[in-house]
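**Student:** One structure is given below, represented as structure tokens, and several questions about it will come after.
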Amino acid sequence: MHLFLLNLCKFLLVQLLLWAVVLLVYTKQKPFDVDFNAATLDKQLLLRQEPSPRIILVGGSNLVFGITSPEIERRTAYHPVNMGLNVGDGLAFMLKHVEKWLRPGDIVVVSPEYENFGDFYDGLGPFLFAEAEHNPSVILNFTRGNFLEVTNKGFIIAGGIFRYTVQQKGKTERQWIANKSHVYHRDAFNRYGDLVEHYPLTNRLKEGYPAPGSINAHATTETIIRTIDGLNRFGDTCAQRGVRVFYTFPPIPTDLLERQRPAIQQVEAELQRRLRFPMLDRASEVVFPLDNFFDGFYHLTAEGAMKRTTRLLDRLEERGIGRTPSAAEPQP
């Protein structure tokens with residue numbers, strides 16, 4: 001037994017030293033200052049410092065690629081704050097992340113991707129870890145489900161770090177960012193949190209693209225109700241703080257609505273039945289032709305983003321939100 005324990009200690013020490021070296025190389029390699037997830041730092045700063053009144057947009061990449069914030073500022077009396085980043089952050093984290101910074105008179109527009117009604121509600125471990133490694137303070141905004149997701153995916157996260165380091169992906173990523181080989185980097189965003197560097201590029205989404213979404217995220221009646229309950233709790237918090245909150249569906253191509261109509265209709269029906277704050281549209285009203293999408297079925301081109309923003313502003317104006325800041329009202 002004594003020999004076994006001695007050998008075990010030696011083994012663990014070797015593993016500890018190995019991981020210390022891996023993590024040291026990883027932190028030196030990874031372009032934390034300029035990669036895509038570094039935008040979380042800029043978005044949090046914007047959320048803290050942007051003057052009132054504000055329109056705060058909460059969701060994933062459908063907002064990153066799908067909102068033209070200068071148009072919001074032009075048509076309304078509100079300062080836009082686009083908090084969208086990754087669907088993999090999960091809706092539970094997205095909502096809690098903005099809660100503490102809400103102010104009376106704010107307008108919040110929530111637009112979760114369909115995956116958030118299934119497996120993605122509590123986020124995916126690697127995405128949540130990426131948020132935390134760029135901005136450790138966000139751990140304070142983790143829900144219990146977020147912590148469980150990260151710990152349950154610990155081996156996957158560790159494996160990703162190891163592969164990233166051994167394959168020297170950091171060097172390649174820095175080269176891609178320096179050469180503008182892709183738009184997924186910190187400098188691709190404008191001051192409002194919209195990703196705009198892809199605007200002059202040719203769209204890449206082609207007919208016959210794979211169509212994951214609510215079906216592949218294992219959405220069930222139970223998971224849909226769980227997500228709506230989370231939205232309602234957030235809505236109640238907003239009402240208590242003098243904040244109006246609205247729901248809008250994410251943009252998708254017309255053919256995706258057809259391919260996944262039963263699953264999308266189930267989400268919409270439960271929202272209409274259970275959501276306690278206003279919905280600005282129906283799922284079928286936020287569909288666009290394929291040539292309005294850049295490289296994914298939530299990622300709009302410049303033309304698509306302007307169309308979507310215009311429709312959103314029209315619906316908000318119908319609710320009295322325009323050039324004059326509206327008084328905060330209790331949510332129905």
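**Student:** Please name which of L46, V58, G118 has its Cα lying farthest along the dipole of the chain towards the positive end, using unit charges on Cβ (Lys, Arg +1; Asp, Glu -1) and the Cα centre as origin.
**Tutor:** Final value for the positive-end residue is L46.
**Student:** Would you please give the FRET efficiency between Q49 and Q240, computed as 1/(1 + (r/R0)^6) with r the Cβ-Cβ distance and R0 = 22 Å, to the nearest 0.05?
**Tutor:** So, using R0 = 22 Å, E works out to roughly 0.40.
**Student:** For the chain, modelled as a Gaussian network with Cα springs under 10 Å, which listed residue fluctuates most, N292, N116, N232?
**Tutor:** Of N292, N116, N232, the Gaussian network model singles out N232 as fluctuating most.
**Student:** A follow-up question, please. Quick one: S52, S61, fewest Cβ neighbours within 10 Å first, how do they rank?
**Tutor:** Ascending number of Cβ neighbours within 10 Å: S52, S61.
**Student:** Could you please report the charge total around G208, scoring K, R as +1 and D, E as -1 over all other residues with beta-carbon less than 15 angstrom from its beta-carbon?
**Tutor:** Value of the local net charge: -2.
**Student:** Please arrange R241, R54 by counting, for each residue, the other beta carbons lying within 10 Å of its beta carbon, fewest first.
**Tutor:** Arranged by neighbour count, lowest to highest, R241, R54 become R241, R54.
**Student:** So I have [x] 1.15; [y] 1.01; [z] 0.98, and one of them is Rg/Rh (Cα atoms, Kirkwood Rh) calculated from this model. Which one is it?
**Tutor:** Recomputing Rg/Rh (Cα atoms, Kirkwood Rh) here picks out [y].
**Student:** In what sequence do M306, M83, M94 fall when counting other Cβ within 10 Å, fewest first?
**Tutor:** In order of increasing Cβ crowding within 10 Å: M306, M83, M94.
**Student:** Would you work out which of G235, A132, F36 lies farthest towards the positive end of the dipole of the chain, given +1 charges on the beta-carbon of Lys and Arg and -1 on that of Asp and Glu, about the Cα centre?
**Tutor:** A132
**Student:** Then there's this: Using +1 on the beta carbon of Lys and Arg, -1 on that of Asp and Glu, and nothing else charged, what's the dipole of the chain about the Cα centre, debye to 20?
**Tutor:** Computed charge dipole of the chain: roughly 660 debye.
**Student:** To the nearest 0.05, what FRET efficiency results for E133 and Q168 with a Förster distance of 22 Å applied to their C-beta separation?
**Tutor:** 0.75
**Student:** What is the helix-to-structure angle for 221-240, meaning the angle in degrees between its Cα long axis and the longest Cα principal axis of the chain, kept from 0 to 90 and rounded to the nearest 10?
**Tutor:** Between helix and principal axis, roughly 70 degrees.
**Student:** How many nm separate the modelled label positions at D229 and E71, each set 7 Å beyond the Cα in the direction of the Cβ?
**Tutor:** 3.7 nm
**Student:** Please give the helix 169-178 orientation as an angle from the longest Cα principal axis of the chain, in degrees from 0 to 90, rounded to the nearest 10.
**Tutor:** 40 degrees
**Student:** Between R319 and N152, take the C-beta separation as r, use R0 = 35 Å, and let me know the FRET efficiency to the nearest 0.05.
**Tutor:** 0.30
**Student:** Distance between Cα centroids, the stretch 39-59 to the stretch 86-138: provide it in whole Å.
**Tutor:** 13 Å
**Student:** Using only Cα atoms, locate the centre of the stretch 292-318 and the centre of the stretch 139-160, then give the distance between them in Å, rounded to an integer.
**Tutor:** 32 Å
**Student:** What percent antiparallel are the DSSP beta bridges of the chain, to the nearest 5?
**Tutor:** The antiparallel proportion sits near 20 percent.
**Student:** Please identify, among V287, V245, V166, the residue showing maximal mean-square fluctuation in a Gaussian network model of the chain using a 10 angstrom Cα cutoff.
**Tutor:** V166
Each value in this text was obtained by applying a stated rule to the coordinates, not by laboratory testing. What you see is a predicted model; the values in this text were computed from it and never measured. When we count neighbours, we look across all protein chains shown, and the Cβ atoms used for this are built from the backbone with ideal geometry, even at glycine.
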